Amino acid sequence: MNHVDERLRSVLLLEGLRYAPDLRAELASFAVKIWSREHRAWWGGEYCGYVEDTLAAGVYRFTEAYSATAHCGPEKGIEFHRVGVWSEDQDHNSSESPG
């Protein structure tokens, strides 16, 4: 993908992606952090707990983050924050920052 349009902005809501399989496919190569508005915190590394510090938040491949949160209702307020492009090196450490 050479062009990032408005649909691929840096913050995306789970609710807005539920019925957008084409958009989810376009996001597959991105690395994201997961924000919970319910807890007012980031998901920790390896999907464990919540953290307030953005630097301590886990970084996930978008497709895995979506799968892990797809069951969440709108009251959870799940947001995906793009932080770069997923690197295959990150497959070994989901809390590593994108490179």
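Shape index of region 6-87: Rg/Rh, with Rg the Cα radius of gyration and Rh the Kirkwood radius from the inverse mean 1/r over Cα pairs, equals 0.93. Here the label points at R18 and S87, each 7 Å from Cα along the C-beta direction, are separated by 3.6 nm in the simple model.
At 7 Å along the Cα-to-beta-carbon direction for both A70 and E52, put a label point, then send me their distance in nm to one decimal. Those two pseudo-labels are separated by 3.4 nm.
Sorted by packing (mean other beta-carbon atoms within 10 Å per residue), highest first, where do 77-87, 59-69, 42-52 land?
In descending order of packing, they fall as 59-69, 77-87, 42-52.
Per residue, the average separation of C-alpha pairs within less than 8 Å and at least 6 apart gives region 6-87 a relative contact order of 42 percent.
Bear in mind these aren't lab numbers, they're just calculated from the coordinates by the rules spelled out. Bear in mind that the values here come from a model prediction, so they are computed numbers and not experimental data. Cβ: placed from backbone, ideal geometry, glycine included. Neighbour counts: every protein chain shown.
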